[in-house]
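A.B. asks: Could you have a look at this structure, given as structure tokens, before my questions?
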Amino acid sequence: MRLLPRLLPLAAFPALLAFGLGAAQPALGQGGDPAQIIRDRREGLRAIGQHMEAMQALAQSRGDTRQALERVDAIQAFFRTFTDRFPPNTQQGDTRALPAIWTDQAGFQRAAAAMTPVLAQLRQAAASGDPTAFGNAVRETGATCGNCHRAYRAR
Ligand code: HEC
């Protein structure tokens with residue numbers, strides 16, 4: 001009986017370690033069902049794609065750019081946990097994620113990190129109410145999405 005409390009911390013150690021390594025971001029994918037992780041990230045990305053299309057339409061119509069703020073917030077929130085959504089056990093399955101994500105982790109991290117300043121700029125442009133600035137920021141955002149897709153997503 002006295003052994004149990006001593007063993008428990010040991011048993012918890014790998015989990016703690018795994019958590020500690022991902023401490024900068026929530027450990028989203030770790031240990032979850034791979035098929036579910038793939039479904040979740042694809043669903044999230046589809047929503048992001050819809051936000052982008054809606055913002056492109058808004059830019060084209062030169063509508064009130066502040067209508068895009070909630071969409072930008074949603075995209076920023078998604079990209080805060082982006083790379084956690086690609087644990088190694090999700091390379092195979094119903095996914096277009098390319099193996100390069102895991103063979104070139106540094107490059108994938110860079111491509112994901114490139115979204116941060118671009119989205120900050122997009123948010124600023126949306127808040128400004130200036131349709132030209134907004135249109136340019138939407139275009140730049142789309143280009144940054146495309147940079148990652150070219151290298152890390154199958155066609
Ligand atoms: C750092 C890399 C990266 C960035 C940045 C990125 N994506 Fe992707 N995207 C991917 C990968 C990888 C997939 C494939 C995911 C899968 O199939 O598991 C994907 C898939 C998608 C899909 C298809 C989802 C489906 O139905 O399966 C859409 C839509 C999409 N991305 C939109 C966007 C948009 C819009 C942006 C920019 C706002 C963006 N992505 C930025 C890597 C990225």
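The values are calculated or read from the model by the stated rules, or taken from the named source; none is laboratory data. Small disclaimer: the values here were computed from a predicted structure and weren't measured. In this analysis, Cβ positions are derived from the backbone assuming ideal geometry, glycine residues included, and neighbour counts consider all displayed protein chains.
A.B. asks: All but one of (1) in contact with a Leu (Cβ under 8 Å, 6 or more places away or on another chain); (2) touching a residue at least 60 places away in the same chain (Cβ under 8 Å); (3) within 12 Å of the ligand (Cβ to nearest atom); (4) hydrophobic (A, V, I, L, M, F, W, C) hold for Ala137; which doesn't?
C.D. replies: Looking at each condition in turn, Ala137 falls short on (2).
A.B. asks: Follow-up. Out of everything in the range 52-88 that is more than 15 Å from the ligand (Cβ to nearest atom) and not acidic (Asp, Glu), what residue ends up being surrounded by the most Cβ atoms within 10 Å (Cβ to Cβ)?
C.D. replies: Result: Thr65.
A.B. asks: Kindly provide the set of residues from the range 105-155 that are among the polar types (S, T, N, Q) and either farther than 23 Å from Leu69 by Cα or modelled with pLDDT under 95 (or both), ordered by number. Working first, answer last.
C.D. replies: Taking the range 105-155 as the starting set, the residues that turn out to be among the polar types (S, T, N, Q) are 105, 109, 116, 121, 124, 128, 132, 136, 141, 144, 147.
Selection gives Gln105, Gln109, Asn147.
A.B. asks: If the Cβ limit is 7 Å and pairs must be 6+ apart or interchain, which residue in the range 89-106 that is without any contact (Cβ under 8 Å) to a residue 40 or more places away in the chain pairs with which residue that is within 8 Å of the ligand (Cβ to nearest atom)?
C.D. replies: Gln91/Ala97
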